[in-house]
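A.B. asks: Quick one: structure below, then a few questions.
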Amino acid sequence: MIEARQLTKRYGETTAVDGLEFTVRPGSVTGFLGPNGAGKSTTMRMIIGLDAPTSGSVTVNGKRYREHTAPLQEVGALLEAKSIHPGRSAYNHLLAQAQTHGIPRRRVDEVIELTGLQSVAKKRAGQFSLGMGQRLGIAAALLGDPATVMLDEPVNGLDPEGVLWIRNLLIGLAAEGRTVFVSSHLMSEMALVADRLIIVGRGRLLADTSVEDLVRQAGGDAVRVATADPAGLRDALAAPGVEVVGQAGSEELEVTGLSARAIGTTAAEHGIALYELTTIQVSLEAAFMDLTRDDVVYHGTTELAERAA
């Protein structure tokens, strides 16, 4: 379990992390989301002692990282996939870590097989692609068979098979009762694997919630309805908290505030025929963008695209 209490980090006049409080519990995948510059990497560095908090605290399994006698067996972390000696083979990189932490050699073979590195285990890590470097970084994170796994952008550089592999790996680790904390900008992946979400912006906590609750707060589900009598259906559905939108002359309506089942039941009660009844779910990406739009530090521009058009 990871616990942050009023966690704060300042660099001069810049506050990178501002009083963060959250708990990452075992048995689930917790996604760590936020725009670039939100303080995610700084927070992760403080969790494993690479940066010292200006104030506040963060613990892993009840202790600060440096207080653990066998830290690799408590928390395995991937923060930078290429932070390895380029002239050392993948096998020797893992073996060196194992030998300095009292981890048996057989565990090196196990994580190499787990991450699919068998065919390149004796090659120099400096020759690895970004995707293979990611696999090696994940192998190092799992080397101590840790109770807590923390990965920063683990799918970067992975091909579709690799993305599926890491997705199943994360779900499997959580199912074993481990604490899994994952930072990612890929909302589609977070929607598939995360049970909880911790969302930050400009170093502050914006939300500690589930995917379902975040989507619901962003507008929930809308329902697309096609009917021969849109005016009649609009009148039948009229109620507090229900919004019905449609264009004049169109058979299609978009309804929020009612489920597809409720709409279908109401239409049947009023003898209104329906041609289509489709739930349109707000995406995690849309909900995330809505939540963080005032906390984006680095804004791009569409000027070139507009000129090209």
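Laboratory data are not the source of any read-out in this text; all were calculated from the coordinates shown. Treat the numbers as computed from the prediction; the structure is a model and nothing was measured. Backbone-built Cβ (ideal geometry, glycine too); neighbour counts: all protein chains shown.
A.B. asks: Taking the Cα of ASP195, stepping 7 Å toward and past its beta carbon, and measuring to each backbone N in region 1-42: which are under 20 Å?
C.D. replies: Only 1-4, 22-33 pass the distance filter.
A.B. asks: Could you list the GluC sites (Glu not before Pro) in region 2-63 that lie in coil according to DSSP, counting only those with at most 13 other Cβ atoms within 10 Å of their Cβ? Can you show the working numbers first?
C.D. replies: Working: sites: GLU3, GLU13, GLU21; in loops: GLU13.
For GluC sites (Glu not before Pro) across region 2-63 that sit outside H, G, I, E and B with at most 13 neighbouring Cβ atoms in 10 Å, the list reads GLU13.
A.B. asks: Continuing with this model, one more query. Can you list residues from other chains, or at least 5 along the same chain, whose modelled amide H is less than 5 Å from the amide H of VAL180?
C.D. replies: GLY27, SER28, THR30, VAL149
A.B. asks: Taking H placed 1.01 Å from N in the peptide plane, check which residues at least 5 places from VAL200 or on another chain put their amide H under 5 Å from its amide H.
C.D. replies: LEU33, GLY34, LEU206
A.B. asks: Evaluate the charge dipole of the chain about its Cα centre and quote only its size in Debye, nearest 20, assuming +1 on the Cβ of each Lys and Arg and -1 on the Cβ of each Asp and Glu. Walk me through the numbers on the way to the answer.
C.D. replies: Working: 29 positive and 37 negative charges, 390 e Å.
Here the chain has a charge dipole of around 1880 debye.
A.B. asks: Quick query: amide H of VAL17 versus all other amide H atoms, modeled in the peptide plane; which residues come in under 5 Å with a sequence gap of 5 or more or a different chain?
C.D. replies: LYS9
A.B. asks: How far apart, in nm, are the 7 Å Cα→Cβ label points at ASP229 and LEU50?
C.D. replies: Here the modelled spin labels are 6.4 nm apart.
A.B. asks: Using only Cα atoms and rounding to the nearest 10 degrees, what angle (0 to 90) does helix 260-269 make with the longest principal axis of the chain?
C.D. replies: Roughly 10 degrees between the two axes.
A.B. asks: Something else about it: Starting from the Cα-Cα distance between SER259 and HIS101, subtract it from 0.36 nm times their residue separation and give me the gain in nm to one decimal.
C.D. replies: On the way: separation 158, 0.36 × 158 = 56.88 nm, distance 5.52 nm.
Gain in length upon complete extension: 51.4 nm.
A.B. asks: To test your reading of the geometry: what angle, between 0 and 90 degrees and rounded to tens, separates the Cα axis of helix 90-100 from the longest principal axis of the chain?
C.D. replies: Once rounded, the angle reads 70 degrees.
A.B. asks: Mind running the shape call on region 221-281? Use the C-alpha gyration tensor, a ≥ b ≥ c as the square roots of the eigenvalues: rounded below 1.5 for a/c, prolate if a/b tops b/c, oblate otherwise. If you can, show how the numbers build up before the last one.
C.D. replies: Values: a/c = 1.24, a/b = 1.11, b/c = 1.11.
Here region 221-281 falls in the rounded category.
A.B. asks: What angle, in degrees between 0 and 90 and rounded to the nearest 10, separates the Cα long axis of helix 160-175 from the longest principal axis of the Cα atoms of the chain?
C.D. replies: In the chain, helix 160-175 runs at an angle near 80 degrees to the longest axis.
A.B. asks: In nm, to one decimal, how far is the modelled label at GLU212 from the one at ALA268, with both set 7 Å along Cα→Cβ?
C.D. replies: Taking the two extended label points, one gets 2.4 nm.
A.B. asks: Continuing with this model, one more query. For region 163-277, give the magnitude of the charge dipole about the Cα centre (Cβ charges: +1 Lys/Arg, -1 Asp/Glu; no others), in debye to the nearest 20.
C.D. replies: Working: 9 positive and 15 negative charges, 124 e Å.
Charge dipole of region 163-277: 600 debye, to the nearest 20.
A.B. asks: So which lysines can LYS82 reach, going by Cα to Cα under 27 Å and dropping same-chain residues fewer than 8 places off?
C.D. replies: Cα-Cα hits under 27 Å: LYS9, LYS40, LYS122, LYS123.
A.B. asks: I'm spelling it out carefully: the read-out is Rg/Rh (Cα atoms, Kirkwood Rh), the candidates are (1) 0.97; (2) 0.92; (3) 1.09, and one was derived from this structure. Which label?
C.D. replies: Given (1) 0.97; (2) 0.92; (3) 1.09, the calculated one carries the label (3).
A.B. asks: Hey, another quick one. Choose one answer from HIS68, HIS93, HIS85: the residue with the largest mean-square fluctuation in a GNM of the chain with alpha-carbon springs under 10 Å.
C.D. replies: With Cα springs under 10 Å in the chain, the top fluctuation among HIS68, HIS93, HIS85 is at HIS85.
A.B. asks: Could you tell me which residue out of ALA16, ILE263, ALA194 lies farthest along the dipole of the chain toward its positive end? Charges go on the beta carbon: Lys and Arg +1, Asp and Glu -1, centred on the Cα centre.
C.D. replies: Final value for the positive-end residue is ALA16.
A.B. asks: Along the Cα→Cβ direction, 7 angstrom out, place labels at ARG25 and LYS63. What is the inter-label distance in nm?
C.D. replies: Going by the 7 Å Cα→Cβ label model, 2.5 nm.
A.B. asks: Taking θ = phi - 60°, what integer Hz values does the Karplus form 6.51 cos²θ - 1.76 cosθ + 1.60 yield along region 47-62, in sequence order, with x for Gly and Pro?
C.D. replies: 4, 9, x, 6, 10, 9, x, 5, 7, x, 8, 9, 10, 10, 6, x
A.B. asks: Pick from ASP229, ASP295, ASP159: which is most flexible by mean-square fluctuation in a GNM of the chain where alpha carbon atoms under 10 Å apart are linked?
C.D. replies: Of ASP229, ASP295, ASP159, the most mobile in the Gaussian network model is ASP229.
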